[in-house]
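Contents: one structure, followed by commentary.
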Amino acid sequence: MMLEIESVDGYYGKSHILKGLSLEVGDDEIVALLGRNGAGKTTTYRGIMGVLPRIEGRITMHGEDITGLPPDEVYNRNISWIPERRRIFANLDVQENLEMGLTDRSERESRFQEVFDLFPRLEERLDQQAGTLSGGEQQMLAIGRALVSHPDLILVDEPFEGLMPTLVDDVADALAKLAEGDVAMLIADQRTEETLELADSAYIIENGRIVHSDSAAGVASDGDLQEKYLGVQ
Ligand code: ATP
């Protein structure tokens with residue numbers, strides 16, 4: 001296993017949010033983390049990345065304990081996080097944003113080329129200020145910035161949030177291309193159908209607990225399950 005989360009409890013002050021949460025991501029595996037608003041998806045990512053105020057249980061990456069390590073040390077274990085709402089640097093251009101993700105400047109050309117092969121549109125807009133890109137392009141830039149550090153695992157939070165339907169397809173295609181490579185991903189999003197199409201396996205989270213896990217195809221074909229845990233309440 002690449003990432004293993006074992007019986008993790010997570011807290012903000014006195015609020016007990018993650019409750020005995022366990023999940024696994026295998027090498028090169030694409031895993032969907034699905035749940036309603038407030039279920040605990042972002043908190044799970046914060047727990048992995050070492051930015052949750054208090055955490056109990058155990059998180060390992062390639063068998064090495066990373067529970068509660070500070071974010072830079074988690075990042076050094078080849079885990080990259082794409083937070084929700086595409087936190088790009090709006091005042092910097094595309095090139096400068098990508099440079100922010102570089103860990104090894106000597107590999108700039110080859111790492112950038114990998115991103116451009118995936119997202120040719122970014123190469124066409126290298127000098128454009130990132131804040132003026134379309135929502136879909138900004139998401140591609142956020143993914144590209146995560147990619148230039150050559151992560152083994154990418155944590156993607158709500159990649160489709162706030163995108164127009166046509167841009168949802170663009171970002172889904174980009175993530176699908178990325179998924180073909182040798183990278184593992186944990187993807188959380190409210191868009192169940194698109195997320196499951198990308199994924200190999202899926203977990204459903206409710207009130208900080210994993211309530212169901214199965215193959216992505218298994219969850220995709222179970223309308224009652226989706227209605228129960230993911231439907232509009
Ligand atoms: P969404 O899809 O709406 O982003 P989510 O599944 O990512 O939802 P989280 O953001 O992980 O959900 O939130 C889980 C719970 O933790 C919610 O009840 C939320 O109100 C609570 N929470 C989040 N951040 C804090 C905080 N800083 N302090 C206290 N409670 C918090």
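Considering only the stretch 138-148, state which residues are out of contact with any helix residue (DSSP H, G or I) (no Cβ under 6 Å at 6 or more places or on another chain) and of a type outside the set (Val, Ile, Thr).
Gln138, Ala142, Ala146
Residues in the stretch 153-164: is at least one free of Cβ contacts under 8 Å to residues at least 40 places away in the same chain, surrounded by fewer than 22 Cβ atoms within 10 Å (Cβ to Cβ) and under 27 Å from Leu122 (Cα atoms)?
Yes, the stretch 153-164 contains a residue that is free of Cβ contacts under 8 Å to residues at least 40 places away in the same chain, surrounded by fewer than 22 Cβ atoms within 10 Å (Cβ to Cβ) and under 27 Å from Leu122 (Cα atoms).
Mind checking whether some residue in the stretch 129-139 is exposed (fewer than 13 other Cβ atoms within 10 Å of the Cβ) and either in contact (Cβ under 8 Å) with a residue 12 or more places away in the chain or within 25 Å of Gly40 (Cα to Cα) (or both)?
Yes: one or more hits.
Go through the stretch 208-233 and report how many residues are in a helix (DSSP H, G or I) and charged (D, E, K, R).
Of the residues in the stretch 208-233, 3 are in a helix (DSSP H, G or I) and charged (D, E, K, R).
Looking only at the stretch 86-101, how many residues end up being within 19 Å of the chain's Cα centre (by Cα), among the hydrophobic types (A, V, I, L, M, F, W, C) and in a loop (DSSP other than H, G, I, E, B)? Explain how you work it out, then say what you get.
Looking only at the stretch 86-101, we keep the residues that are within 19 Å of the chain's Cα centre (by Cα), and these are 86-89, 97-98, 100-101.
Restricting the remaining residues to those that are among the hydrophobic types (A, V, I, L, M, F, W, C) gives 88-89, 98, 100.
If we keep only those that are in a loop (DSSP other than H, G, I, E, B) as well, we get 88-89.
Total meeting the criteria: 2.
Restricting attention to the stretch 208-233, and to residues there that are of a type outside the set (Asp, Glu) and either surrounded by fewer than 14 Cβ atoms within 10 Å (Cβ to Cβ) or in contact with a Pro (Cβ under 9 Å, 6 or more places away or on another chain) (or both), which single residue is farthest from Val31 (Cα to Cα)?
In this case the residue turns out to be Gln233.
Specify which of the listed residues (Arg86, Arg105, Arg145) is surrounded by fewer than 21 Cβ atoms within 10 Å (Cβ to Cβ) and either at negative phi or of a type outside the set (Gly, Ala, Ser) (or both).
Going through Arg86, Arg105, Arg145 in turn, just one is surrounded by fewer than 21 Cβ atoms within 10 Å (Cβ to Cβ) and either at negative phi or of a type outside the set (Gly, Ala, Ser) (or both): Arg105.
Since every read-out is calculated from the coordinates, none of them should be taken as a lab result. Keep in mind the model is a prediction, meaning the values are calculated, not measured. Quick reminder, even Gly has a Cβ in these numbers, built from the backbone with ideal geometry, and neighbours come from all protein chains shown.
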